[in-house]
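Notes follow once the structure below has been shown.
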Amino acid sequence: MSADLVRARPTSPAPLAPPPPAATQRRRERLVLLALGVLAIAVIAVYLVVNVRAGWAFVLPFRGRRVAAMVLVGVAIATSTVAFQTLTANRILTPSIMGFDALYQALQTALIFGLGSIAVVRIGQIAEFGLSAALMVGASLALFGSLFSSGRRSVHLVLLIGVVLGTGLRSVTALLQRLMEPSEFQVLVSRLFASFTAVDETLLALAAVVVSGCCAALWSIRRRLDVLALGRQMAVSLGVDHRRTTMLVLTLVTVLVSTSTALVGPITFFGLLVANLAYALAGTHRHAVTLPTAALLAVVTLVGGQAVLEHLLGAATVLSVVIEFLGGIVFIGMLVASGRRR
Amino acid sequence: MTHRLAVSSALALLAALALASVFIGVSDVTPATLWRGDGHARDLLTLSRLPRTVAILLAGASTAVAGVVMQLLVRNRFVEPSTVGTAESAGLGLLVVTIWAPAMALPGKIAVASGFALAGTALFLAVLRAVPLRSVVTVPLVGIMLGGVIGAGTAYLAFRYDLMQTLSSWLTGDFSGVMAGRFELLWLVGALTIVVYLVADRFTVVGLGKDTATSLGLGYRGVLALGLAVVSVTSAVVVVVVGALPFLGLVVPNVVSMLVGDNLRRSLPWVALGGAALVLVCDVLGRVIRHPFEIPIGVVMGVVGAAVFLWLLLRRAPDVG
């Protein structure tokens, strides 16, 4: 009698629910993060030491600056994209597709156009970055805040508005650049078209501070982001101040995008690729996992891709073109898939 | 009757505008200098100013008409050659010719660019056919991204052959290089515009959809092919001769459709006039803003066109979906 009861207890729930996946899921997350971390370190090491022809004293600092820039940009783009996609409840929208980096370049151009290059140089790089970032936050909150917080508009419409806005802003930038004195234009070019090959040290240090600050802020609200991902109504009924969180996330995203654009210029589709790959790898939507996974993945892809292109194929500057090409195709595929579901 | 009167008065206004634009520029060409028999001024007029104005009118009118034809073929208000990859494909074709057959004569270049434009447009239509996208705004979105992918491929090719700068100067629309002897191919697209006018009713019926068009006794595939050919050749010629004029084919037909409706035979003159007038105004603006320098019209059109496009999108926002 009692033996029957003992035997019956563990077997009875088995057919109703499959074995709890939480443990295996946790193990998978840890494994993914560990593997990506090791891979990231390996890729960075390979990039630094392979194919050294000149003296180490020259090569290491030179490549070290590039790696630092790539790591910062990768982390900034990945985390900002994941947060932005949570905010908009959508896997297709990313800050750069919505024209955030075009906005930054337009503002920077307008700043030099309005104040003149001498004034901009005199106030110093840090103050200038602060000024353009502040302008950028204000402009993006004004432009995009109403677009997202209302939640009435369809995603595809918002997307098209963003794409057209980006095109228009790029034209505004081009227009202002044509109106500038050639000497001012030179100053601007050195600000806007910095690349992985020539990154300024002060800017690098500044970017490191800003990016780690923003990442820490995102990490501290990771649980609130999980709730935000459930949708506006659910989030509000679970006690999250939706409007304030939205504005906070949008601000952080804007600062991150400004930083990465200031470092290397716009890379449109990188965030889309990395974020979606991270969701697939992590198998969860908890931000405690997706944020670091996406960031590590971005570092691996960026440094690894650059290492392959630079050391194997001998074509250092085309990485962004390759990303643009692949990313565009993936984006069309996702659009088509989402159009089919509707 | 009132329609005809309105069209002719608009035509007169455009003519006056064109005449005024002839006398705007760095060098001193005014009716007074011409009257005095200044040889320099006369040469400038016949070699540079008049060809430029004619090129502007032809390119503007035909690009706007190509836009409206494409909107009827795809049955979507937000498409035009620069939002479905046609212009980018034409640029790719031009680049390919420049790399592998640089000695080819201009008609040959245009033929290759037209072929690429046709292929790019067909690719876009194939993507659309593979997935019936029901949302009005997804169609131009797919097109813009397709154009981006083609543009990235083009940029890579240009980078490999050190033609980046050449490429960007080609693709930005600019009339400052137009002179006698370098724009005459635009008459071809002018002729294509007249072809569109002659078969305008068929395009209107195609705009009602494949089933309706077929049941009304229309050879759907034939008209579709004709329309595609017109759009591709027009955008290829315009890209090769002056460069891209972004959003022109989208903005003008939409505004015209709000004012006079969707019957192509009735609205076509307005589309052509509106396109020519908009390009003319933007070009004069580009010449005046930073006198004595010039701002390429592609840049001015980008700002103006994007602003109007955004307004169109937000205006329709509630019912677009």
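For region A:233-342, the helices (runs of 4 or more DSSP H) that sit wholly inside it and include 1 or more residues that are within 14 Å of another protein chain (Cβ to nearest Cβ) and in contact with a Gly (Cβ under 7 Å, 6 or more places away or on another chain) are A:270-282, A:319-341.
Within region A:43-72, the set of residues being of a type in the set (A, V, I, L, M) and touching a Phe, Trp or Tyr at 6+ places or on another chain (Cβ under 8 Å) comprises A:Val67, A:Ala69, A:Met70.
All conditions in (1) modelled with pLDDT of 85 or more; (2) more than 23 Å from the chain's Cα centre (by Cα); (3) more than 14 Å from chain B (Cβ to nearest Cβ) hold for A:Ser171, with the sole exception of (3). When B:Val241 is tested against the conditions (1) open to solvent by 20 Å² or more (accessible area, probe 1.4 Å); (2) more than 22 Å from B:Gly173 (Cβ to Cβ); (3) within 16 Å of the chain's Cα centre (by Cα), the lone failure is (2).
Just one of the listed residues (A:Leu277, A:Leu230, A:Leu312) is at pLDDT 85 or above and either open to solvent by 40 Å² or more (accessible area, probe 1.4 Å) or closer than 20 Å to A:Gln85 by Cβ (or both), and it is A:Leu277.
Every residue, every condition in (1) in contact (Cβ under 8 Å) with a residue 12 or more places away in the chain; (2) assigned to a helix (DSSP H, G or I); (3) open to solvent by 60 Å² or more (accessible area, probe 1.4 Å), yes or no:
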{"residue": "B:Met179", "(1), (2), (3)": "yes, no, yes"}
{"residue": "B:Glu184", "(1), (2), (3)": "no, no, yes"}
{"residue": "B:Leu192", "(1), (2), (3)": "yes, yes, no"}
{"residue": "B:Tyr197", "(1), (2), (3)": "yes, yes, yes"}
{"residue": "B:Val205", "(1), (2), (3)": "yes, yes, no"}
{"residue": "B:Thr214", "(1), (2), (3)": "no, yes, yes"}
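Looking only at residues that are more than 19 Å from the chain's Cα centre (by Cα) and more than 7 Å from every other protein chain (Cβ to nearest Cβ) in region B:151-163, which one is modelled with the highest pLDDT? For region B:151-163, the residue satisfying everything is B:Thr154.
With respect to A:Val52, is the statement that it is farther than 30 Å from A:Gly145 by Cβ and touching a helix residue (DSSP H, G or I) at 6+ places or on another chain (Cβ under 9 Å) true? So A:Val52 passes the test. Looking at (1) open to solvent by less than 40 Å² (accessible area, probe 1.4 Å); (2) at pLDDT 85 or above, which is the only condition B:Gly173 fails? Against the list (1) open to solvent by less than 40 Å² (accessible area, probe 1.4 Å); (2) at pLDDT 85 or above, B:Gly173 comes up short only on (2).
Listed by position, the helices (runs of 4 or more DSSP H) contained in region B:1-83 that have at least 3 residues being buried (at least 21 other Cβ atoms within 10 Å of the Cβ) and in contact (Cβ under 8 Å) with a residue 12 or more places away in the chain are B:50-74. Taken together, the residues in region B:156-176 that are of a type in the set (D, E, K, R) and in a loop (DSSP other than H, G, I, E, B) amount to 2. Candidates in region A:42-70 are the residues that are open to solvent by 50 Å² or more (accessible area, probe 1.4 Å) and over 22 Å from A:Glu201 (Cα atoms); of these, the one that is modelled with the highest pLDDT is A:Val46. Within region B:268-300, the set of residues being without any contact (Cβ under 8 Å) to a residue 60 or more places away in the chain and within 19 Å of the chain's Cα centre (by Cα) comprises B:Cys282, B:Leu285, B:Gly286, B:Ile295, B:Val300.
The combined condition, being more than 12 Å from chain A (Cβ to nearest Cβ), among the β-branched types (Val, Ile, Thr) and either over 20 Å from B:Ala55 (Cα atoms) or buried (at least 22 other Cβ atoms within 10 Å of the Cβ) (or both), is not fulfilled by B:Val303.
The values are calculated or read from the model by the stated rules, or taken from the named source; none is laboratory data. Remember, it's a predicted structure, so these values are computed and weren't measured experimentally. Backbone-built Cβ (ideal geometry, glycine too); neighbour counts: all protein chains shown. Each accessible area value is taken on the protein alone, full model and side chains, heavy atoms only, with ligands, DNA and RNA left out. Shrake-Rupley method; radii C 1.70, N 1.55, O 1.52, S 1.80 Å.
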